[in-house]
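**Q** Below you will find the structure I want to go over with you.
Taken together, the values in this text are just the output of simple stated rules run on the coordinates, not laboratory data. Bear in mind the structure is a predicted one, so any value in this text is a computation, not a measurement. Every residue, glycine among them, receives a Cβ derived from its backbone with ideal geometry; neighbour counts consider all protein chains shown.
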Amino acid sequence: MNDQNLVIKEIFALAFQNYKKNNLKNAQKLYNQILNKEPNHFGSIFYLGSISLQNKNFVKAKQLFEKAVKIQPTYANAHHNLGQALQGLGASHEAMCCYQKAIKIQPNLIASHNNLGMIQKELGQNNEAVRSFQKVIKIQPDLMIAHNNLGTVYIEMKKRKKAIKCFKKAIEINNKFSMAHYNLGKAFRELYNYKEAIKCFETANTTRSRAELLESTYFSNGQKIYPKTLKKLTSEDPLNLRVATMAAYVSKKEKINNTYPFCRNPLDYVYIKNLKNEISSPDKFSANLSKILGKVDFIWEPTTKTTTRGYHTSGNLFNKTDYEIMQLQELIKKQISIYRKHYEFSKDYFITKWPKKNQLEAWHVKLMKKGYQKPHIHPAGWLSGCFYLKIPKRLKRNQGAIKFGFVGYDYPFDKKLPNLIHVPKIFDIALFPSSLFHETIPFNSQEERHVIAFDLMPK
């Protein structure tokens, strides 16, 4: 062994120590030091890619793992990690191929089987997803997350009894597995077994399950238990967007004051502006942006989204570094600043407790003829928005419009509840609380409807 190889070996050992201790900056510096001496050093490339994954720098991770699999094409974990990077960039089909390559090399690689199953579920390939999760369970029968994931697929397939069996198995393995308790509650709720559902949601005691608890108490008992439950949640969890949505619905439905402080009347916070005058060369911007988006991986009617008769990207569009994408992000950030100033005198927590650390995540929705989005909220967000890139011409009244209101999911429809309808124009931006139900009214046109949707999310 020559002196340089000895030095590289020593640096690599030190870098790995830092990596294991989560001293990622030091590790990164040392791995780059090795690459300056030996540009194709596989270990350094692999771990630099892993650091990029942890930092959610999917573009850099993709570049590094693409290089890694060329150097060592039979290393399964490199293919798996490349799949993770691609998945983060929204390239679901390419990610699937990577996971399949990893499995071919290492048939019992649990992580690849699991991630493959998650993508298959997202794509609506439920039978394939079942087989992937069953494979994971066969390899490791006591892996609770695999039983839980299998249960969620059965829920999608309306096989609720099988789903309940899976969730109970996950809980049997680990009684403190809150996700399984929550999903078990959801299964019981879909069977209108509110008594068991409430027990599960109370046991889960998560942000999501607390909202489901509130909903279940109201829909099963009306106003009998609801006020007490809401008071408790107001004290313990005042920034829960799902609870905020339910509280706003009940206040309008029952014509009572909304005591939940997050966003008492979300319709008051809908803000719409046209940005055409904010964009230099709008036609060029639109053409270039459309060209970039044409290369993004789309999913037809993803099962985890509300898109009907349309395509939806996965991953964060704002991870891309194209000029027009970055320009759009800056335009949105500017409008968000204006939005906050506009509502600065509000006493709702939505404004007063605005997250100091936040990030923007965006995706592209492309609706076809008779396409629409079902009423939904964005519970992981804080502020949500839409930027309209392409609108079909000559639509009948309100077709393709965005509708804001208080009814969605399995809330009973009530035409007496207030709503707000906006017929968008190209380059319109709409900003609104993430707790507010919104939907797209179906349209009858051969032309496509293109929207960049986004969330401002707390870090």
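**Q** Just to check I understand the Karplus step: with θ = phi - 60° and J = 6.51 cos²θ - 1.76 cosθ + 1.60, what whole-Hz values come out for the stretch 279-296, glycine and proline as x?
**A** 10, 6, 6, x, 5, 5, 4, 4, 5, 5, 5, 4, 5, 4, 5, x, 9, 7
**Q** For a quick protection proxy, order the peptides 378-384, 249-255, 98-104 by their average other-Cβ count within 10 Å, most packed first.
**A** So the order, starting with the most tightly packed, is 98-104, 378-384, 249-255.
**Q** I'd like the orientation of helix 58-71 relative to the chain: the angle between its Cα long axis and the longest Cα principal axis, in ° from 0 to 90, rounded to 10.
**A** 30 degrees
**Q** Using only DSSP helix segments of four residues or longer, with each worth -39500 (n - 2.57), what per-residue ellipticity at 222 nm results for the chain after dividing by its residue count and rounding to 500?
**A** So the calculated ellipticity at 222 nm is -16500 deg cm²/dmol.
**Q** Right, next: Using only the Cα atoms of the stretch 267-458, build the gyration tensor, take square roots of its eigenvalues as a ≥ b ≥ c, and label the shape rounded, prolate or oblate: rounded if a/c is under 1.5, else prolate if a/b is larger than b/c, else oblate.
**A** rounded
**Q** FRET efficiency for LYS195 and ASN277, Cβ-Cβ distance as r, R0 = 51 Å, nearest 0.05?
**A** Efficiency, rounded to the nearest 0.05: 0.35.
**Q** Follow-up question, since we're still on this one. In the calculated pair distance distribution of the stretch 380-459, what percentage of Cα-Cα distances lie above 14 Å?
**A** 65 percent
**Q** Which residues' amide hydrogens lie under 5 Å from the amide hydrogen of ASP428, considering only partners 5 or more residues apart or on another chain, with H built in the peptide plane?
**A** Long-range HN contacts for ASP428: LEU275, TYR388.
**Q** Next question, about the same structure. If you take the Cα Rg of the stretch 1-87 and divide it by 2.2 N^0.38 Å, with N the number of residues, what do you get?
**A** My calculation over the Cα atoms of the stretch 1-87 gives 1.05.
**Q** When the Kirkwood radius is taken over all Cα pairs of the stretch 245-341, what Stokes-Einstein diffusion coefficient follows at 20 °C and 1.002 mPa s, in µm²/s?
**A** Rounded to a whole number, D works out at 126 µm²/s.
**Q** Something else now. Compare the peptides 23-32, 150-159, 81-90 by average per-residue count of other Cβ atoms within 10 angstrom and give them in order, highest first.
**A** 81-90, 150-159, 23-32
**Q** Something else about it: Rounded to the nearest 20 Debye, what is the dipole magnitude of the stretch 273-371 about its Cα centre when Lys and Arg each give +1 and Asp and Glu each give -1 at the C-beta?
**A** 240 debye
**Q** Could you pull the Rg and Dmax for the chain, using just the Cα atoms, both in Å?
**A** 24.2, 82
**Q** To the nearest 10 degrees, how steep is helix 42-54 against the longest Cα principal axis of the chain, on a 0 to 90 scale?
**A** Once rounded, one gets 10 degrees.
**Q** Can you put THR206, THR245, THR440, THR306 in order of Cβ neighbours within 10 angstrom, beginning with the fewest?
**A** THR206, THR306, THR440, THR245
**Q** Just subtract the alpha-carbon distance of LYS425 and ILE338 from 0.36 nm times their residue separation and send over the number in nm, one decimal.
**A** Using 0.36 nm per residue and subtracting the Cα-Cα distance, I get 29.3 nm.
**Q** Roughly how tilted is helix 24-37, in degrees to the nearest 10 and between 0 and 90, from the longest Cα axis of the chain?
**A** Between helix and principal axis, roughly 40 degrees.
**Q** Ranking HIS181, HIS41 by Cβ neighbours within 10 Å, fewest first, what do you get?
**A** HIS41, HIS181
**Q** Moving on to the next point. Read phi for every residue in the stretch 101-107 and hand back ³J(HN,Hα) as whole Hz from Karplus 6.51 cos²θ - 1.76 cosθ + 1.60, θ = phi - 60°, with x for Gly and Pro.
**A** Values, residue by residue: 5, 4, 5, 4, 6, 10, x Hz.
**Q** Let me know the charge dipole size of the stretch 3-185 about its Cα centre in debye, to the nearest 20, where only the beta-carbon of Lys, Arg (+1) and Asp, Glu (-1) is charged.
**A** 640 debye
**Q** Taking 8 Å as the Cα distance limit and 6 or more residues as the minimum spacing, I'd like the relative contact order of the stretch 267-458 as a percentage.
**A** 31 percent
**Q** Go through ASN114, ASN288, ILE171 and say which Cα lies farthest out towards the positive end of the charge dipole of the chain; charges sit on Cβ, +1 for Lys and Arg, -1 for Asp and Glu.
**A** Of the listed residues, the answer is ILE171.
**Q** From the backbone phi of the stretch 395-406, what are the Karplus-calculated ³J(HN,Hα) couplings (6.51 cos²θ - 1.76 cosθ + 1.60, θ = phi - 60°) in whole Hz, Gly and Pro given as x?
**A** 7, 6, 3, 6, 5, x, 6, 9, 10, 9, x, 10
**Q** Also: With a ≥ b ≥ c the root eigenvalues of the C-alpha gyration tensor of the stretch 301-350, is it rounded (a/c under 1.5), prolate (a/b larger than b/c) or oblate?
**A** Because a/c hits 1.5 or more and a/b fails to exceed b/c, the stretch 301-350 counts as oblate.
**Q** While we're here: Running Debye on the stretch 322-417 with equal point scatterers at the Cα sites and no solvent, what base-10 log of I(q)/I(0) appears at q = 0.11, 0.16 Å⁻¹?
**A** The Debye formula, applied to the Cα set alone, gives -0.49, -1.01.
**Q** So, with +1 on the Cβ of K and R and -1 on the Cβ of D and E, and no other charges, what is the size of the charge dipole of the stretch 121-199 about its Cα centre, to the nearest 20 debye?
**A** That gives the stretch 121-199 a dipole magnitude of about 280 debye.
**Q** Please go through the stretch 315-353 and write out the GluC sites (Glu not before Pro) that DSSP classes as loop and that have at most 11 other C-beta atoms within 10 Å.
**A** Passing sites in the stretch 315-353 are GLU344.
**Q** So for SER445, SER50, SER178, SER280, fewest C-beta neighbours within 10 Å to most, what's the order?
**A** SER280, SER178, SER445, SER50
**Q** Separate question: Kindly state, as a whole number, the per residue volume in cubic angstrom of the convex hull around the alpha carbon atoms of the stretch 54-177.
**A** Value for the stretch 54-177: 99 Å³ per residue.
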